[in-house]
Amino acid sequence: MSEANMDEYVNMELNYAEALKKTVKDLRNPVIKTIIESISRDSVKHAMIYKTIGLLLKGEGALISEEEAEWVLKEIEQHIKSEEEMIRNVKSMLEGGINNKAVRFLLEAILKDEVIHHSMLKRVYEIIVKQHTLTESDIWDMVWKDVSFHGTPGG
Ligand SMILES: [Fe+2]
Ligand SMILES: [Fe+2]
């Protein structure tokens, strides 16, 4: 795995996204059109993710600053709640019983995405909290070292 590979994968996903768009252009069936177009958008998303992986392989992508962690955690908390509401909505529609197979298929596609969005946001939340804690304990480490250098506290 190398940065060069990542550029290749970025381009592969972007070209594929364009090819899917071309297929969709003359398509009239709304269900098939929507499904192929969402795969196209997911491919753009994959390109973005590969680009970020490329940055990480270059050693870029520093730890989040404490200031940034503080406000972004609050926002992520709200987004997690939004996803929960969306999951509830789709689930209640599905539980209501849907005879139309295309509608059921599309709702199930949304539900799968929402569940993944929810778990990704929770994961990212935990990662930020952990990084935050790590930074704090590092600071405490430094304080402790500084104190012990000048003499043990207390006693
Ligand atoms: Fe992909
Ligand atoms: Fe979502």
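The values are calculated or read from the model by the stated rules, or taken from the named source; none is laboratory data. For clarity, every value in this text was computed on a predicted model and none was experimentally measured. For neighbour counting, all protein chains shown are included, and Cβ atoms are generated from backbone atoms with ideal geometry for every residue, glycine included.
Hey, among the residues in the range 65-97 that are within 17 Å of the chain's Cα centre (by Cα), more than 12 Å from ligand 2 (Cβ to nearest atom) and aliphatic (A, V, I, L, M), which one's nearest to ALA109 (Cα to Cα)?
ILE76
Is it the case that some residue within the range 40-54 is among the basic types (Lys, Arg), more than 16 Å from ligand 2 (Cβ to nearest atom) and not assigned by TED's automatic domain parsing to the domain that holds TYR16? Please lay out each step first, then the result.
Quick first cut of the range 40-54, residues among the basic types (Lys, Arg) only: 41, 45, 51.
Checking which are more than 16 Å from ligand 2 (Cβ to nearest atom) leaves us with 51.
From the residues that got through so far, the ones that are not assigned by TED's automatic domain parsing to the domain that holds TYR16 too are none.
Taking every residue of the range 40-54 in turn, none turns out to be among the basic types (Lys, Arg), more than 16 Å from ligand 2 (Cβ to nearest atom) and not assigned by TED's automatic domain parsing to the domain that holds TYR16.
Quick check on the range 16-55: of everything there that is within 12 Å of ligand 1 (Cβ to nearest atom) and basic (Lys, Arg), which residue is nearest to ASN100 (Cα to Cα)?
Per the stated criteria, the residue is ARG41.
Looking only at residues that are among the acidic types (Asp, Glu) and in contact (Cβ under 8 Å) with a residue 40 or more places away in the chain in the range 1-31, which one is nearest to ARG41 (Cα to Cα)? Spell out how you get there, then give the answer.
Quick first cut of the range 1-31, residues among the acidic types (Asp, Glu) only: 3, 7-8, 13, 18, 26.
Checking which are in contact (Cβ under 8 Å) with a residue 40 or more places away in the chain leaves us with 3, 7.
On the way: GLU3: 23, ASP7: 18 Å.
If we take residues in the range 1-31 being among the acidic types (Asp, Glu) and in contact (Cβ under 8 Å) with a residue 40 or more places away in the chain, then ASP7 is nearest to ARG41 (Cα to Cα).
Would a scan of the range 16-32 turn up a residue that is within 18 Å of LEU106 (Cα to Cα) and within 16 Å of ligand 2 (Cβ to nearest atom)?
Quick first cut of the range 16-32, residues within 18 Å of LEU106 (Cα to Cα) only: 24, 27-32.
Imposing the further condition that a residue be within 16 Å of ligand 2 (Cβ to nearest atom) reduces the set to none.
Checked the range 16-32: no residue is within 18 Å of LEU106 (Cα to Cα) and within 16 Å of ligand 2 (Cβ to nearest atom).
So that you can scan it fast, the table gives a plain yes or no per residue for (1) outside any helix (DSSP H, G or I); (2) at pLDDT below 95; (3) among the aromatic types (Phe, Trp, Tyr); (4) under 20 Å from SER38 (Cα atoms):
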| site | (1), (2), (3), (4) |
| --- | --- |
| GLU68 | no, yes, no, no |
| TRP71 | no, yes, yes, no |
| GLU75 | no, no, no, no |
| MET120 | no, no, no, yes |
| ILE127 | no, yes, no, no |
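Take the range 19-63 and flag every residue that is in a loop (DSSP other than H, G, I, E, B) and in contact with a Ser or Thr (Cβ under 9 Å, 6 or more places away or on another chain).
First, pick out the residues of the range 19-63 that are in a loop (DSSP other than H, G, I, E, B): 26-29, 58-63.
Residues satisfying the conditions are GLY61, LEU63.
Of the residues GLY54, GLY61, only one is loosely packed, with under 15 Cβ neighbours inside 10 Å, within 27 Å of MET6 (Cβ to Cβ) and not basic (Lys, Arg); which?
Matching residue, one of GLY54, GLY61: GLY61.
Of all the residues that make up the range 20-51, how many are under 28 Å from ASP7 (Cβ atoms) and not acidic (Asp, Glu)? Working first, answer last.
Residues of the range 20-51 that are under 28 Å from ASP7 (Cβ atoms), as a first pass: 20-25, 36-51.
Okay, now just the ones that are also not acidic (Asp, Glu), so 20-25, 36, 38-41, 43-51.
Number of matching residues: 20.
Being within 14 Å of ligand 1 (Cβ to nearest atom) and either among the acidic types (Asp, Glu) or touching a strand residue (DSSP E or B) at 6+ places or on another chain (Cβ under 8 Å) (or both) is the filter here; which residues of the range 1-15 pass it? Can you show your working first?
First pass over the range 1-15, keeping only residues within 14 Å of ligand 1 (Cβ to nearest atom): 6, 8-15.
If the condition is that a residue be within 14 Å of ligand 1 (Cβ to nearest atom) and either among the acidic types (Asp, Glu) or touching a strand residue (DSSP E or B) at 6+ places or on another chain (Cβ under 8 Å) (or both), then GLU8, GLU13 are the ones that fit.
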